[in-house]
Amino acid sequence: MPYTLAPAAPEFLSKDQKPAGDRWTLNFGPQHPATHTTLRIVLELDGERVVRAIPHIGYLHSGFEKLGEHLNYNQYVTIVDRMDYSAPIYNELAWHGAVEKLMGIELTPRCKVLRTIAGELGRIQSHLLCVGAAGLDLGAFTAFLFGFNERERIYDIVEFMSGQRYHTSWTRVGGLNMDLPDEGTFKTMVKKFVDDQLPKALQEVETLLNKNRIFIERTRGVGVISAEEAASWSLTGPMARSAGIRRDIRKDEPYLCFQDNWDGQGAPAVDFKVPVMTTGDCYARYLCRLEEMKQSMHIIRQLIDKIPQGPVNVSPEGKEVLPPKDQVYSSIEGLIHHFEMIMTNRGFESPIGEVYNCIESANGELGYYIVSAGESTPWRVRTRPCIYINYAVFPKLIEGHLLSDVVAVLGSVNVIAAELDR
């Protein structure tokens with residue numbers, strides 16, 4: 001049976017909340033396709049009206065944080081890829097940004113530009129999934145196809161630059177796993193995507209949804225949260241900005257090419273706008289993500305023709321950075337260095353201390369906290385996953401709405417199960 005009859009007026013409701021009739025308990029998920037993942041919500045219903053929602057997580061628990069205590073700082077990148085799997089590159093940027101902060105490593109200008117471009121492609125990648133699914137959840141399948149077509153084009157670019165299509169595992173301490181195999185081809189692929197392919201797809205999505213009466217009535221005024229409430233719940237990303245909070249780590253705590261003098265020669269930070277709305281409903285969150293994709297295209301256009309020449313990794317004077325491949329193949333010192341770093345799992349010893357580093361991912365503040373005891377593996381790893389924080393407000397957002405509104409609100413939060421369960 002998908003539901004059971006529950007006694008009327010349970011203890012968790014006040015007198016003015018108690019309905020006159022019977023109450024139903026309904027399991028939403030964990031197999032329901034509209035949950036997008038292994039997610040279960042126990043709903044208390046008065047007719048079709050949601051009185052209370054109780055999220056249940058843990059169906060995808062993988063022990064991600066504990067694994068960080070048993071793998072060295074480069075090996076762990078394959079694990080963080082699996083957290084927000086809709087845009088894996090963001091977890092890599094946040095993780096190795098924290099390690100480099102702990103080690104006091106300053107990246108090369110070429111690496112900063114390539115990481116920034118990859119990060120903005122990841123933002124577009126994540127938002128395409130969320131915006132497309134916003135239509136799909138409410139019956140508009142065509143918008144979902146437009147979004148997934150463009151995600152495939154990003155996968156082509158990711159595969160070209162990293163050698164892997166899905167879980168890139170591209171970053172390394174002090175740089176990248178590999179430089180671009182052909183810079184000219186990379187520029188051509190990216191320019192075609194941001195100048196021609198993606199703008200057409202976004203225009204199609206806007207034509208389908210922005211003035212669609214059904215879509216607007218299903219999203220406008222649904223799942224509303226105010227700026228004060230968003231701040232008290234520690235919401236970040238589009239969830240917060242759609243409610244009126246102008247918070248973006250790229251502006252407030254700049255990193256990579258979002259900070260001035262990123263090339264060491266006085267280059268200004270890349271220019272972009274932070275989309276902010278005030279209504280705080282599902283429709284506002286949808287519009288914020290649409291505009292953020294346009295701003296990401298603007299960021300990429302500023303950098304794609306300014307990729308500096310030079311090394312992509314910092315100089316491997318110590319043991320923190322992998323040696324270049326030509327040294328591995330041509331010198332005994334490079335071969336021994338590579339052997340110790342990779343084959344023996346020794347890695348390198350890190351300074352004793354603790355550090356927290358965060359970036360602005362597609363869903364908000366994504367951070368990693370590392371405690372180091374001076375060994376080749378962290379003593380403690382903790383992640384600040386934006387999905388986990390943002391999802392906590394879901395019961396409040398859905399309270400008082402109809403059962404059919406659950407999929408609209410849930411989709412606007414953009415829940416990724418691996419960031420919930422870790």
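How large is the charge dipole for the chain, taken about the Cα centre, if only the Cβ atoms of Lys, Arg (+1) and Asp, Glu (-1) carry charge, to the nearest 20 debye?
Working: 44 positive and 53 negative charges, 146 e Å.
Value, rounded to 20: 700 debye.
Among the trypsin sites (Lys or Arg not before Pro) within the range 137-233, which fall in a DSSP loop and have no more than 16 other Cβ atoms within 10 Å of their own Cβ? Could the numbers behind the result be given before it?
Numbers: sites: 151, 153, 165, 172, 187, 191, 192, 200, 211, 213, 218, 220; in loops: 165, 211, 220.
Sparse-neighbourhood loop trypsin sites (Lys or Arg not before Pro): 165, 211, 220.
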In the range 352-422, chymotrypsin sites (Phe, Trp or Tyr not before Pro) in a DSSP loop with at most 13 other beta-carbon atoms within 10 Å: none
Inter-label distance for residue 217 and residue 62, nm, one decimal - labels placed 7 Å from Cα along Cα-to-Cβ: 4.1
Low-density loop chymotrypsin sites (Phe, Trp or Tyr not before Pro), the range 119-190, at most 14 other Cβ within 10 Å, DSSP non-H/G/I/E/B, are 166
How many angstrom separate the Cα center of the range 180-243 from the Cα center of the range 79-143? 14
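Taking R0 as 35 Å, what's the FRET efficiency between residue 349 and residue 226 from their Cβ-Cβ distance, rounded to 0.05? Present the calculation step by step, with values, prior to reporting the outcome.
Values: r = 49 Å, r/R0 = 1.39.
Efficiency for this residue pair is about 0.10.
With the radius of gyration and the Kirkwood radius both derived from the Cα set of the chain, what is their ratio Rg to Rh? Don't jump to the answer; show the numbers that get you there.
Details: Rg = 22.9 Å, Rh = 22.8 Å.
For the chain, the value is 1.01.
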Amide N proximity, the range 179-200 versus residue 145 label position 7 Å along Cα-to-Cβ, cut-off under 19 Å: 197-200
Work out how much length residue 375 to residue 356 would gain on full extension: take 0.36 nm times their residue separation and subtract the Cα-Cα distance, in nm to one decimal. 5.1 nm
Taking the range 162-210 as the region of interest, what is the percent of Cα-Cα pairs per 10 angstrom bin, listed from the shortest bin to the one with the maximum distance? 22, 31, 29, 15, 2
Computed over the Cα atoms of the range 163-299, the Rg and Dmax in Å are 18.4, 52
Treating the angle as unsigned and between 0 and 90°, give the value, to the nearest 10°, between the Cα long axis of helix 89-103 and the longest Cα principal axis of the chain. 50
Which residue, chosen from 57, 181, 411, occupies the Cα position most advanced towards the positive end of the dipole of the chain, where the dipole is computed from +1 (Lys, Arg) and -1 (Asp, Glu) charges on Cβ about the Cα centre? 411
List every residue whose amide H lies under 5 Å from the amide H of residue 361, counting only residues 5 or more places away in sequence or on a different chain, with H placed 1.01 Å from N in the peptide plane. 366
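Show that you can apply the helix-only estimate: for the chain, add -39,500 (n - 2.57) for every DSSP H stretch of four or more residues, divide by all residues, and state [θ] at 222 nm to the nearest 500.
-12000 deg cm²/dmol
Read-outs: derived from the displayed coordinates by stated rules, not from any lab. Since the structure is predicted, the reported quantities are computational estimates derived from the model, not experimental observations. Counting neighbours? That spans all protein chains shown, and the Cβs are built from the backbone with ideal geometry, glycine included.
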